[in-house]
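The values are calculated or read from the model by the stated rules, or taken from the named source; none is laboratory data. Predicted model only: the values in this text are computed from it and were never measured. Note that we place each Cβ from the backbone using ideal geometry, even for glycine, and neighbour counts take in every protein chain shown.
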């Protein structure tokens with residue numbers, strides 16, 4: 001089984017999802033779409049595709065022309081029924097490719113925020129078992145409306161947090177993949193994010209909370225990834 005991880009910057013990679021995939025015997029190709037040009041192979045030829053986060057926003061195609069390319073690819077994957085999972089920016093791009101462009105949120109969610117699982121989420125292959133809810137590590141200033149015909153799986157007061165399109169495509173707004181190293185890098189370098197500065201992030205407090213909570217969080221994230229790969233395995 002082979003999966004493609006689409007990444008957008010070096011400190012926002014597949015994280016613990018890569019660990020889970022490789023422990024399950026998957027081959028994982030990584031494509032830094034913002035720098036590498038062509039993918040390792042045709043995205044439609046993979047058994048599963050995952051798209052991850054980044055500091056850019058989904059409406060910044062003028063600054064990042066590859067965003068348009070990725071949206072087209074994600075739309076093709078959904079249409080072809082290739083198991084697909086978008087995380088944070090990846091989730092927003094997947095939603096836009098499915099008819100629901102992201103919009104700026106009322107305020108950013110940076111740090112740990114409560115997420116409530118819906119009735120559809122409780123019955124979902126990926127989110128099921130996490131009800132009634134959980135605290136999630138977040139870092140985003142945009143949010144996605146629910147794509148037409150999609151199932152809402154989880155939400156916070158500020159944003160849609162998880163959705164499913166059909167039976168093989170999911171978006172999650174929270175960073176279930178993030179490693180301690182990457183999360184700490186974001187906290188230390190928070191000043192590169194104008195929204196984090198604007199809302200007055202305390203980097204020391206955030207770093208301390210990351211160190212305290214990341215182990216349990218990574219277990220939850222690996223569980224989501226494992227269940228996603230299980231869906232892909234069953235589809236073969």
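Worth pointing out:
- Close pairs from the range 1-13: first free of Cβ contacts under 8 Å to residues at least 24 places away in the same chain, partner in a strand (DSSP E or B), Cβ under 8 Å, at least 6 apart: 10/32
- Residues located in the range 199-212, provided they are at pLDDT 95 or above and in contact with a strand residue (DSSP E or B) (Cβ under 9 Å, 6 or more places away or on another chain): 205, 206, 209, 210
- Where residue 179 falls short, out of the listed (1) under 24 Å from residue 18 (Cβ atoms); (2) touching a residue at least 40 places away in the same chain (Cβ under 8 Å); (3) crowded, with 22+ Cβ neighbours inside 10 Å: (3)
- Evaluation of residue 216 against (1) loosely packed, with under 12 Cβ neighbours inside 10 Å; (2) without any contact (Cβ under 8 Å) to a residue 40 or more places away in the chain; (3) over 28 Å from residue 126 (Cβ atoms) (one fails), failing number: (3)
- Highlighted here are the strands (runs of 3 or more DSSP E) found entirely within the range 1-102 that include at least 2 residues which are crowded, with 24+ Cβ neighbours inside 10 Å and either touching a strand residue (DSSP E or B) at 6+ places or on another chain (Cβ under 7 Å) or modelled with pLDDT under 95 (or both): 2-7, 48-51, 84-87.
- Contacts under 8 angstrom Cβ, first residue in the range 140-160 being on the phi > 0 side of the Ramachandran plot and modelled with pLDDT under 95, partner surrounded by fewer than 23 Cβ atoms within 10 Å (Cβ to Cβ) and not in a strand (DSSP E or B), 6 or more apart: none
- Here 75, 53 are screened, and the one residue that is within 23 Å of residue 184 (Cβ to Cβ) and in contact with a helix residue (DSSP H, G or I) (Cβ under 7 Å, 6 or more places away or on another chain) is 53.
- Selected residue (criterion: surrounded by the most Cβ atoms within 10 Å (Cβ to Cβ)) from residues of the range 182-206 that are within 25 Å of residue 51 (Cβ to Cβ) and free of Cβ contacts under 8 Å to residues at least 12 places away in the same chain: 189
- Single condition residue 167 does not satisfy, out of (1) loosely packed, with under 13 Cβ neighbours inside 10 Å; (2) assigned to a helix (DSSP H, G or I): (2)
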